[in-house]
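Colleague: The structure's right below; bear with me while I get my questions together.
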Amino acid sequence: RLRGGVWNQEKGDKVEILDAKTREKLCFLDKVEPQATIAEIKNLFTKTHPQWYPARQSLRLDPKGKSLKDEDVLQKLPVGTTATLYFRDLGAQISWVTVFLTEYAGPLFIYLLFYFRVPFIYGHKYDFTSSRHTVVHLACICHSFHYIKRLLETLFVHRFSHGTMPLRNIFKNCTYYWGFAAWMAYYINHPLYTPPTYGAQQVKLALAIFVICQLGNFSIHMALRDLRPAGSKTRKIPYPTKNPFTWLFLLVSCPNYTYEVGSWIGFAIMTQCLPVALFSLVGFTQMTIWAKGKHRSYLKEFRDYPPLRMPIIPFLL
């Protein structure tokens with residue numbers, strides 16, 4: 001029976017799993033160890049329903065409630081002698097590493113197609129010609145560097161708290177990244193492209209902004225990586241380190257987004273290209289939503305969270 005809101009270790013050895021929508025009984029597990037985790041229950045459920053592998057499963061205590069975490073232990077959940085869990089199918093899943101590699105490799109390859117002016121883009125007489133403007137070549141270097149950096153970070157730096165995401169999302173994400181890359185590249189590498197209004201001075205200032213923000217973004221990613229040991233889902237409050245680029249943690253919760261937006265603002269100033277400015281604006285809007293969500297979770301999880309921090313822009317937002 002339920003004792004003090006936790007699993008009865010003596011008799012609590014049964015788990016029934018119902019469909020969250022129809023309440024149909026999908027599975028009945030007998031003699032489940034009280035110390036079993038949700039991850040282990042998902043594996044047992046998969047044996048009876050192989051089409052729903054663990055990453056597709058969302059198990060919850062209430063049909064409309066939040067998903068239980070894989071590390072949650074059965075005996076610590078508020079359930080009775082027979083635990084009733086509700087199942088929702090999350091749909092086909094794909095690993096975050098695969099998602100990021102696909103999202104970032106696309107813009108890198110697409111941009112270079114326009115930079116080298118492969119046939120059928122600008123007209124036959126421009127096939128494989130090169131721009132006479134230095135800023136066009138510099139823009140290609142910066143754009144390529146950004147996405148190569150992202151690819152390498154995905155492989156060697158990032159540690160993901162969630163292993164997978166719904167497969168359907170990759171099509172939306174790739175449309176966004178690939179589409180904007182093609183739009184920007186078309187105009188920047190166009191034979192009729194004209195350099196920025198203020199010439200070399202504008203380009204040099206923008207390049208400085210871009211490089212500083214790229215270094216800052218990488219520094220934040222390294223600092224966040226060091227907070228979470230490999231294979232762990234530990235969450236800690238990020239604090240500045242000896243690296244000056246991490247001092248932005250004093251004022252914002254997600255300085256990686258701050259630096260990311262700064263990089264694209266620098267790229268927009270460098271190229272003086274409207275599609276780049278729009279990409280920066282859309283990216284800033286999305287990253288602000290993510291930053292606010294992360295900021296709220298920090299405040300909820302950590303009572304001693306630094307009160308001066310804002311989600312993405314110091315003192316403002």
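The values are calculated or read from the model by the stated rules, or taken from the named source; none is laboratory data. Because the structure is predicted, anything quoted here is derived from the model rather than measured. Cβ: placed from backbone, ideal geometry, glycine included. Neighbour counts: every protein chain shown. Remember, those area values only see protein heavy atoms, side chains included, never the ligands or the DNA or RNA. Shrake-Rupley method; radii C 1.70, N 1.55, O 1.52, S 1.80 Å.
Colleague: Please find, within the range 203-238, the residue that is nearest to R150 (Cα to Cα) out of those that are at pLDDT 95 or above and either open to solvent by 80 Å² or more (accessible area, probe 1.4 Å) or in contact with a Cys (Cβ under 6 Å, 6 or more places away or on another chain) (or both).
Modeller: If we take residues in the range 203-238 being at pLDDT 95 or above and either open to solvent by 80 Å² or more (accessible area, probe 1.4 Å) or in contact with a Cys (Cβ under 6 Å, 6 or more places away or on another chain) (or both), then F218 is nearest to R150 (Cα to Cα).
Colleague: What are the residues in the range 148-164 that are open to solvent by 50 Å² or more (accessible area, probe 1.4 Å) and either closer than 21 Å to F109 by Cα or more than 14 Å from the chain's Cα centre (by Cα) (or both), if any?
Modeller: I148, L152, L155, F156
Colleague: Go through the range 246-266 and report how many residues are open to solvent by 40 Å² or more (accessible area, probe 1.4 Å) and in a helix (DSSP H, G or I).
Modeller: Qualifying residue count for the region: 4.
Colleague: Just give me the residues in the range 157-174 being closer than 11 Å to T102 by Cα and of a type in the set (V, I, T), in sequence order.
Modeller: Hit for the range 157-174 is I170, nothing else.
Residue by residue, here is whether (1) touching a Phe, Trp or Tyr at 6+ places or on another chain (Cβ under 6 Å); (2) touching a residue at least 40 places away in the same chain (Cβ under 8 Å); (3) β-branched (V, I, T); (4) under 30 Å from Q201 (Cβ atoms) holds:
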{"residue": "L250", "(1), (2), (3), (4)": "no, yes, no, no"}
{"residue": "V261", "(1), (2), (3), (4)": "yes, yes, yes, yes"}
{"residue": "G266", "(1), (2), (3), (4)": "yes, yes, no, yes"}
{"residue": "Q272", "(1), (2), (3), (4)": "no, yes, no, yes"}
{"residue": "V276", "(1), (2), (3), (4)": "yes, yes, yes, yes"}
{"residue": "Q286", "(1), (2), (3), (4)": "no, no, no, no"}
{"residue": "W290", "(1), (2), (3), (4)": "no, no, no, no"}
{"residue": "Y298", "(1), (2), (3), (4)": "yes, yes, no, no"}
{"residue": "F315", "(1), (2), (3), (4)": "no, yes, no, yes"}
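Colleague: Name every residue in the range 24-36 that is surrounded by fewer than 15 Cβ atoms within 10 Å (Cβ to Cβ), at pLDDT below 90 and out of contact with any Asp or Glu (no Cβ under 9 Å at 6 or more places or on another chain), in order of residue number.
Modeller: Across the range 24-36, the qualifying residue is only Q35.
Colleague: Would it be correct to say that L68 is under 19 Å from L26 (Cα atoms) and buried (at least 16 other Cβ atoms within 10 Å of the Cβ)?
Modeller: yes
Colleague: Check L85 against each of (1) at pLDDT 90 or above; (2) assigned to a helix (DSSP H, G or I) and name the one condition it does not meet.
Modeller: L85 satisfies every listed condition except (2).
Colleague: Could you list, in sequence order, the residues of the range 115-135 that are under 20 Å from T194 (Cβ atoms), part of a loop (DSSP other than H, G, I, E, B) and open to solvent by 60 Å² or more (accessible area, probe 1.4 Å)?
Modeller: Of everything in the range 115-135, those that are under 20 Å from T194 (Cβ atoms), part of a loop (DSSP other than H, G, I, E, B) and open to solvent by 60 Å² or more (accessible area, probe 1.4 Å) turn out to be S130, R132.
Colleague: Considering (1) open to solvent by 30 Å² or more (accessible area, probe 1.4 Å); (2) under 19 Å from the mean Cα position of the chain (by Cα); (3) within 16 Å of I209 (Cβ to Cβ), say which one A277 fails and leave the rest.
Modeller: Tallying (1) open to solvent by 30 Å² or more (accessible area, probe 1.4 Å); (2) under 19 Å from the mean Cα position of the chain (by Cα); (3) within 16 Å of I209 (Cβ to Cβ), A277 fails exactly one: (2).
Colleague: Here are the criteria: (1) within 23 Å of L167 (Cβ to Cβ); (2) assigned to a helix (DSSP H, G or I). Tell me which single one E40 does not satisfy.
Modeller: Result: E40 passes all but (1).
Colleague: Yes or no: L167 touching a residue at least 12 places away in the same chain (Cβ under 8 Å), open to solvent by 80 Å² or more (accessible area, probe 1.4 Å) and either hydrophobic (A, V, I, L, M, F, W, C) or out of contact with any Leu (no Cβ under 7 Å at 6 or more places or on another chain) (or both)?
Modeller: Answer is no for this residue.
Colleague: Need the failing condition index for W96 against (1) open to solvent by 60 Å² or more (accessible area, probe 1.4 Å); (2) closer than 25 Å to K14 by Cβ, just the number.
Modeller: (2)
Colleague: Okay, next question. Is there a residue in the range 172-186 that is open to solvent by 30 Å² or more (accessible area, probe 1.4 Å), closer than 21 Å to A291 by Cα and among the hydrophobic types (A, V, I, L, M, F, W, C)?
Modeller: Scanning the range 172-186 turns up no residue that is open to solvent by 30 Å² or more (accessible area, probe 1.4 Å), closer than 21 Å to A291 by Cα and among the hydrophobic types (A, V, I, L, M, F, W, C).
Colleague: Now for a separate question. Identify the single condition in (1) surrounded by fewer than 19 Cβ atoms within 10 Å (Cβ to Cβ); (2) within 20 Å of the chain's Cα centre (by Cα) that A39 does not satisfy, given that it satisfies every other one.
Modeller: Failing condition for A39: (2).
Colleague: Sticking with this structure for a sec: For the range 80-92, which residues satisfy the criterion of being touching a residue at least 60 places away in the same chain (Cβ under 8 Å) and surrounded by fewer than 20 Cβ atoms within 10 Å (Cβ to Cβ)?
Modeller: G80, T81, T82, T84, R88, L90, G91, A92
Colleague: Hey, another quick one. Go over the candidates F171, F145, F116, F120 one by one and state the one that is over 25 Å from R225 (Cα atoms), over 14 Å from the mean Cα position of the chain (by Cα), modelled with pLDDT of 95 or more and not hydroxyl-bearing (S, T, Y).
Modeller: Criteria check complete, one pass: F116.
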